[in-house]
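Input: a single structure, listed below in structure tokens.
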Amino acid sequence: MLERSKPTLTISSKNYSSWSLRGWLLAKFAKLDFDEIMVAPDDADAKAEILLLSSSIRVPCLRHEGAVVWDTLAIAEYLNDLNPDAGLLPADRLARAHCRSICGEIHSGFANLRASLPVNLKGRFPGFKIWSRAQADIDRVCTIWRECLIESGGPFLFGAKPTMADAMYAPVVTRFMTYDVKLDAKLAAYAHNIMALPEMQEWIAAARLEPAEIEELEVEY
């Protein structure tokens, strides 16, 4: 009998790639034992994805038992099918609908936030001046978080443990830390809970070891 190969997740830079972070967190939250395949940040396709020049790069990409799954929402749904007990989606039907909706919103929206506050885990820009259109995106994210936390009671968006929504918004948390975005006490506590997750700490530790290879993201805005 042939032995099944171990699942793999193809990702790019841990310091810069928001989409790679999302896919990786989803796999970790789903308790999937996988190997990482790293695409160098200076690879043309990976660089295009990181610099928001392309929305069609297939990173992250999960390979599992013959399935090839790219796009973070598709990966999330696949992993939920694979291990529904992991809780990537809430048990309640209405909460599941809400979770999918806010995940879809961050997946396809917030272009001004993405462009103005690129992910840079090693960077710190205290007193960063935020463009008014990016501020509107920030305000919308804060509204989403606040409504979810009030409804669920926290400490995560849909209750006691992280779901696909927390994985999808985790890069936004890092953006807020990097660019010194001010949050009220409830939202700051949520951001702290995300950053304190063992999975996030593991990712951040690896990101800090990466060389600064993408000069376009190493400027002080």
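Where a number appears in this text, it was derived from the coordinates with a stated rule and is not lab data. In this text the structure is predicted, and so the values were computed from the model without any measurement. No Cβ is skipped: glycine too gets one built from the backbone with ideal geometry, and neighbour counts run over all protein chains shown.
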Check: Over segment 95-146, with a single point scatterer placed on each C-alpha, what log10 of the ratio I(q)/I(0) does the Debye formula yield at q = 0.20, 0.21 1/Å?
Finding: -0.79, -0.85
Check: Rounded to a whole number of µm²/s, how large is the Stokes-Einstein D of the chain at 10 °C and 1.306 mPa s, given Rh as the Kirkwood radius over C-alpha pairs?
Finding: 89 µm²/s
Item checked: Two-site label geometry, residue 193 and residue 122: point separation in nm, points 7 Å out along Cα→Cβ -> 3.1 nm
Next item on the list: Evaluate the charge dipole of the chain about its Cα centre and quote only its size in Debye, nearest 20, assuming +1 on the Cβ of each Lys and Arg and -1 on the Cβ of each Asp and Glu.
Entry: 560 debye
Note to self: Taking 2.2 N^0.38 Å as the expected size of a compact globular protein, what ratio does the Cα radius of gyration of segment 117-160 give against it, to two decimals?
What the structure shows: 1.47
Next item on the list: Could you give the size of the charge dipole of segment 159-200 about its Cα centre, using +1 on the Cβ of each K and R and -1 on the Cβ of each D and E, expressed in debye and rounded to the nearest 20?
Entry: 60 debye
Note to self: Mean-square fluctuation check for the chain, GNM, Cα pairs under 10 Å: which of 133, 100, 22 is largest?
What the structure shows: 133
Margin query: For the chain, what does the helix formula give at 222 nm: sum of -39500 (n - 2.57) over DSSP H segments with n ≥ 4, over the residue count, nearest 500 deg cm²/dmol?
Written below: -15500 deg cm²/dmol
Check: With N residues in segment 65-164, what two-decimal value do you get for its Cα radius of gyration over 2.2 N^0.38 Å?
Finding: 1.25
Item checked: Cα→Cβ-extended label distance, 7 Å offset, between residue 65 and residue 210, nm -> 3.1 nm
Notebook entry, point to check: Which is farthest toward the positive dipole end of the chain among 59, 112, 183, measuring Cα position about the Cα centre, with Cβ charges +1 (Lys, Arg) and -1 (Asp, Glu)?
Noted result: 183
Notebook entry, point to check: FRET efficiency for residue 35 and residue 161, Cβ-Cβ distance as r, R0 = 30 Å, nearest 0.05?
Noted result: 0.75
